[in-house]
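Values in this text are rule-based calculations from the coordinates and carry no lab data. Since this is a predicted model, take the numbers as computed values, not measurements. Virtual Cβ from ideal backbone geometry, glycine too; neighbours counted across all protein chains shown.
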Amino acid sequence: MKNKLVVLLGCVFTLLLLGACSKSNAANDKVTIYTNADEEPVAVMKKVLDDNGYKGKYVLQSFGTSELGGKLLAEGKNIEADLVTMSTFYLNSAQQKEKMFKEEKLPVKPLAKIPDYAAPFTVQEGTIFYNTDKMKELNLPIPKSLKDLADPQYKDVLSISDIKQSSTAWLLFQALVDTYGKDEAQTILKAIYKNTGDHLESSGSGPIKKVRLGEVALGFGLRHQAVKDKTDGLPIDFVEPSEGTYTLTESLAVIDKGKSTNPEAEKMLDLILEKGRKDLLEIYPSALYEGEKVDSRYLAKDQKVFPEELTAELLEQHQKLVD
C-alpha cells in the first residue's frame, strides 16, 4: 500500500512538473520586444501584430533611449529581447562592439544604403514649437532659430529634453554644432539650459506635453507631434529653424542568439515593415523605402543629417558640452 502511494505521488509530481515546464516553454516562446519608440509608433506596432495573428504572442517593453542603449552595449547577445526598435546610431555602436544582430533580407527596398542588420523604422525630426495662446499672453516674439532660444526673454518659459536621457535633444545639439561649431554651440547651449531651468525633461515627448498645457510657452522636440497637434486644432504651431531640421533614424533589428534565435522575431520585423509603414508615414512623413508616398505639406523644408557618422561615442562627446 505504501509503495502504491509513493508511485501515485510520484506520478502526480511528474504531471505537475511537466505542466509547469509546458507553461514555462509557452512563455519562452513569446517574442520579447524592447523599444525606445514613442507612444504613437508603439501603438502602430501593436495593432499590426495583433491584427495579423500575433496577439498574445509577444511581450513589448518600453525604455528611454539612453537606458536601452546602455542595455544593448552592456548585455550584447545576452539581452533578453529577441527584437528591438532603437536609434540606429546605438545599433551601429552595439554591432561594432558585440556583433549581436542578425543579417536580414528585407521584404521592402530601402531608399538609402543601410547596414544589413538594421531595418529603418522611423525618421525623427527636431523642431521648435510653441503655444500660440501662451506666447500672446506673455507678449513673446516667435523665435526664428535655435540660437534664438538662448535669448534671456525666454527664461523659465522654455522646455527641452535632457540629452543624457533622450536622443531627441541630440537633434538640437547637432544643429548647433554643425551650424556654429563646438565652441559657440557650447555657449548657446549653456544659455538655453539656463532658460530651461526646471523644465528639462527626461523624455523626448516631455516638452510638447508642457507646451500643450501652457506650463511653458515654447519648446524643442519632435516635429511630428507639433504637426499633429496643429492639425488637430490645438493652439500649437511650430517653426522651421533657420539652422535646418536635423534628423535621426530608428531601426528594427533581431538579436542573433544562434540556435536560440526566435524565428518569429524575424517574421514580426517583416510584418511591421510591410503592414505598418503606411500608418507610420502618417506620423513621421519621411519616405524610407521605394514606393512610399508622402504628402509634401508635411515635409520639413530643410531636412538635414549631421555630417559625421552618428555613434554612441559621438553622443557622449556632445553630452559633455553641457557638463
Requested in this report: Between beta-carbons, use under 12 Å as the cut-off and find the net charge around Asp151, counting Lys and Arg +1, Asp and Glu -1.
Outcome: +3
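How much length is gained on full extension from Glu290 to Leu213, taking 0.36 nm per residue of separation minus their Cα-Cα distance?
Working: separation 77, 0.36 × 77 = 27.72 nm, distance 3.90 nm.
So the extension gain works out to 23.8 nm.
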Report summary line: By the mean-Cβ-within-10 Å protection proxy, highest first, 91-97, 277-283, 56-62 rank as 91-97, 277-283, 56-62
Requested in this report: Check the range 233-323 and count each lysine pair with an alpha-carbon distance under 30 angstrom, considering only pairs eight or more places apart or from different chains.
Outcome: 16
Query - Residue-averaged 222 nm ellipticity for the chain, from DSSP H runs of 4+ at -39500 (n - 2.57), nearest 500 - result: -14500 deg cm²/dmol
Requested in this report: Quick one: how many lysine pairs does the range 27-90 have with C-alpha atoms less than 24 Å apart and a gap of 8 or more or different chains? Give me the count, please.
Outcome: 13
Query raised in the report: What spacing in nm lies between the two simple spin-label points modelled at Asp183 and Lys97, each 7 Å away from Cα in the Cβ direction?
Result: 3.3 nm
Query raised in the report: Say we join alpha carbon atoms closer than 10 Å with springs in a Gaussian network model of the chain; which of Lys275, Lys147, Lys293 then has the biggest fluctuation?
Result: Lys293
Requested in this report: Taking just the C-alpha trace of the chain, give me its Rg and Dmax in Å.
Outcome: 23.3, 93
Report summary line: If one compares the long axis through the Cα atoms of helix 2-29 with the longest principal axis of the Cα atoms of the chain, the angle in degrees, nearest 10, works out at 30 degrees
Report task. Could you please report the charge total around Lys259, scoring K, R as +1 and D, E as -1 over all other residues with beta-carbon less than 13 angstrom from its beta-carbon? Result -> +2
Query - Rg [Å, one decimal], Dmax [Å, integer] - the range 270-323, C-alpha atoms - result: 15.8, 44
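Using Cα pairs under 8 angstrom and six or more residues apart, how large is the relative contact order of the range 39-154, in percent? Mind dumping the intermediate values first?
Values: 41 pairs, mean separation 16.7, N = 116.
Over the range 39-154, the number comes to 14 percent.
Which of the peptides 161-173, 38-50 is most tightly packed, and how do the rest follow, going by the mean number of other Cβ atoms within 10 Å of each residue?
The densest-packed peptide leads the list: 161-173, 38-50.
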Requested in this report: Work out how much length Leu140 to Lys320 would gain on full extension: take 0.36 nm times their residue separation and subtract the Cα-Cα distance, in nm to one decimal.
Outcome: 61.7 nm
Requested in this report: Sum up the charges of everything whose Cβ sits under 13 Å from the Cβ of Glu39, counting Lys and Arg as +1 and Asp and Glu as -1, but leave Glu39 out.
Outcome: +2
Query raised in the report: Residue farthest toward the positive end of the dipole of the range 22-169, with Cβ of Lys/Arg at +1 and Asp/Glu at -1: which of Ala94, Met135, Ala37?
Result: Ala94
Report summary line: A student applying the Cα gyration tensor rule (rounded when a/c is under 1.5; otherwise prolate if a/b is larger than b/c, oblate if not) would label the range 219-323 oblate
